[in-house]
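Written out below as structure tokens is the structure these notes cover.
The values are calculated or read from the model by the stated rules, or taken from the named source; none is laboratory data. It should be emphasised that the depicted structure is a prediction, and the values quoted were computed from it without experimental measurement. Don't worry about glycine lacking a Cβ; one is built from the backbone with ideal geometry, like all the others, and counts go over all protein chains shown. Just the protein is used for accessible areas: all its heavy atoms, side chains included, with ligands, DNA and RNA removed. Shrake-Rupley method; radii C 1.70, N 1.55, O 1.52, S 1.80 Å.
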Amino acid sequence: MYDFLERLGIKEVNSGACGKEFIENPGGGKLVSYNPTTGEPIATVMMASAEDYEAVLADAQEAFKTWRMMPAPRRGELVRLLGNALREYKDDLGALVTLEMGKILPEGLGEVQEMIDICDFAVGQSRMMYGQTMHSERPMHRMYEQWHPLGVIGIISAFNFPVAVWAWNAMLAAICGDVMLWKPSSKAPLCGVAVQNIINPILKDFGVSGIMGLTIGRGKEVGERMINDRRVALISATGSIPMGRRVAEAVGKRLGKHILELGGNNAIIVAEDADLEMATRGIVFGSVGTAGQRCTSTRRILMVKEVAKDLTERLVKAYKQVPIGDPLKETTLMGPLVDQAAVDQMMDALEQVKKEGGEIVYGGGLYKDGPAGHFVMPTLVKARGDMKIVQDETFAPILYLIEVDDLEEAMQVHNDVTQGLSSAIFTRNLLNAENFLSHAGSDCGIANVNIGTSGAEIGGAFGGEKDTGGGRESGSDSWKAYMRRQTNTINWSTELPLAQGIKFGDK
């Protein structure tokens with residue numbers, strides 16, 4: 001039905017396990033991928049079993065022995081080639097992301113562009129993995145630090161960014177000399193298969209098959225095995241807060257390392273001096289984009305009372321103009337939720353809104369004028385900051401409008417949630433902006449001024465605090481998480497002085 005599936009190597013039935021090469025008949029059972037726009041099946045994936053997991057891991061461990069010794073700039077050359085391949089397949093892979101996950105086509109293409117961008121970033125970083133030198137207190141001693149590869153990196157990605165999150169981790173881990181074991185979301189498995197189809201020929205030509213493996217499988221069969229596996233040095237997991245707690249518990253028990261990218265309950269403060277037209281645009285994209293299924297989606301608007309009425313009217317008008325429908329069509333701005341469970345979760349949240357005294361200003365139900373998929377109306381709710389439902393993250397296009405007396409109250413309400421991913425303020429006052437960015441301001445890992453909460457660039461470290469997990473991926477010095485630090489001291493004298501002036505023996 002879709003030509004791009006054939007070009008990406010997607011067949012009617014696909015293997016979901018790949019080490020040095022795809023395992024022909026994985027034993028983990030069938031997984032059918034459905035189109036959230038129509039509810040129709042796209043293709044089937046044969047999932048990895050425990051035995052398949054072991055085979056893929058064995059390939060990764062064997063490949064690590066030679067990959068870790070390859071010079072980092074040479075590893076960067078492989079990443080450059082992978083980036084070129086992603087450029088070649090950008091249109092097709094972006095279309096698959098849209099087909100399988102449901103985000104609109106510009107967002108699907110944008111996600112693949114993120115993969116390309118992190119490749120470019122990692123290529124440069126491969127020549128800049130610096131360590132420091134330190135002055136020793138002992139004469140004729142030199143001290144410095146260096147960074148070594150960790151080993152096998154387990155990557156658990158979520159459905160909402162089915163390819164970009166893998167690239168954020170895999171490309172940095174690759175230049176660091178690590179090898180990867182990827183468990184994609186079972187809600188978007190074909191994206192994982194397609195990426196593996198794209199990269200396998202390049203890995204083979206480079207002589208490093210096995211450094212980027214794939215294990216699509218059930219959580220109990222593959223996920224639990226991975227997070228409890230001492231041979232997996234680092235787990236990078238993106239998903240819900242409950243999932244993150246389970247990963248942290250399992251990995252912490254074995255004293256392993258983890259990067260957690262979990263939920264967000266992201267708020268935008270709108271000051272009395274804000275440019276309301278700009279704020280409206282930022283709010284609508286942040287709340288409606290990806291049908292509210294980004295971890296950085298805007299969930300709460302904290303608006304001072306002077307602008308509350310005007311801003312609410314602007315948002316209602318904008319929401320009424322959002323075209324909903326087939327995400328592959330150019331005119332669509334909001335596609336479906338990923339599955340029926342997501343729809344049910346949104347409807348349950350809106351029932352809770354009513355019980356707690358919230359007022360639905362716009363939306364609040366299913367969208368019935370489009371295809372027979374998982375479509376809902378983007379919804380505006382007048383709410384209070386202390387409502388229990390507002391404290392939780394509902395992964396859907398629900399936006400809570402909360403009126404506050406002043407910016408001090410806005411800041412208090414802003415930080416009074418357990419999540420801490422992304423945040424923003426719209427203001428034309430320098431003092432307001434700097435206060436928001438100060439130690440007493442936003443407690444999130446991302447804080448913006450006059451832009452929304454979503455749309456982070458790969459050049460900065462991505463992640464959040466509190467229940468968001470504290471992990472950092474992508475830019476800045478996030479590469480350090482994929483390596484182990486080593487401090488070295490070299491004595492180039494003929495004596496053996498001890499540190500802290502300690503004397504031992506006759507001398």
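Descriptive notes on the structure:
- Given Lys187/Lys368; Lys220/Lys382; Lys187/Lys253; Lys317/Lys354; Lys90/Lys466; Lys103/Lys382, the pairs whose alpha carbons are separated by over 32 Å: Lys220/Lys382; Lys90/Lys466
- Selected from Ile259, Tyr34, Leu337, residue furthest toward positive end of dipole (the chain; charges at beta carbon): Ile259
- D_trans [Stokes-Einstein, Kirkwood Rh over alpha-carbon pairs] for segment 14-63, 4 °C, 1.567 mPa s, µm² s⁻¹: 111 µm²/s
- The simple Förster model, with R0 at 35 Å and r as the Cβ-Cβ distance, assigns Glu24 and Lys329 a FRET efficiency of 0.40.
- Using alpha carbons only: equivalent-ellipsoid semi-axes of segment 271-316, gyration tensor based, whole Å: 20, 10, 9
- Anisotropy class of segment 31-109 from Cα gyration tensor, a/c 1.5 cut: oblate
- When only the Cβ of Lys, Arg, Asp and Glu is charged (+1, +1, -1, -1), the dipole of segment 382-494 relative to its Cα centre reaches about 600 debye.
- Largest-first principal axis extents of the Cα set of segment 92-156 (Å): 65, 23, 14
- Cα long-axis angle, helix 276-288 against the chain (0 to 90 degrees, to the nearest 10): 70 degrees
- ³J(HN,Hα), Karplus 6.51/-1.76/1.60, whole Hz, each residue of segment 217-228, x for Gly, Pro: x, 5, x, 6, 8, 10, x, 5, 4, 5, 6, 9
- Over the chain: helical MRE at 222 nm, DSSP H runs n ≥ 4 each giving -39500 (n - 2.57), nearest 500: -11500 deg cm²/dmol
- When only alpha carbons of segment 351-507 are considered, Rg and Dmax amount to 25.1, 91 Å.
- Converting the Cα gyration tensor eigenvalues of segment 257-357 into ellipsoid dimensions via √(5λ) gives semi-axes, longest first, of 24, 19, 16 Å.
- Beta bridges from DSSP with both residues in the chain: antiparallel share about 40 percent, rounded to the nearest 5.
- Within the accessible area of the chain (1.4 Å probe), percent carbon and sulfur: 50 percent
- Volume per residue of the convex hull around the Cα atoms, evaluated for segment 299-381, comes out as 104 Å³.
- For segment 148-256, convex hull of alpha carbons as volume per residue, Å³: 95 Å³
- Interchain or long-range residues, amide H under 5 Å from Val404's placed H: Met303, Val304, Lys305
- Between Met278 and Arg218, the distance separating the two model label sites (each 7 Å from Cα on the Cα→Cβ line) works out to 5.3 nm.
- Over all pairs of different C-alpha atoms, segment 1-143 has a mean inverse distance whose reciprocal, the Kirkwood radius, equals 18.5 Å.
- Loop trypsin sites (Lys or Arg not before Pro), segment 75-135 (other Cβ atoms within 10 Å of the site Cβ: 16 or fewer; DSSP): Arg127
- Computed over segment 122-206, the P(r) curve from all C-alpha pair distances, binned at 10 Å from the origin, holds 15, 36, 25, 13, 8, 3, 0 percent per bin.
- Paramagnetic reach from Arg485 (point 7 Å along Cα→Cβ, amide N under 17 Å) across segment 227-270: 257-259
- Among 211-221, 333-343, the peptide with the highest mean count of other Cβ atoms within 10 Å heads the list, and the full ranking is 211-221, 333-343.
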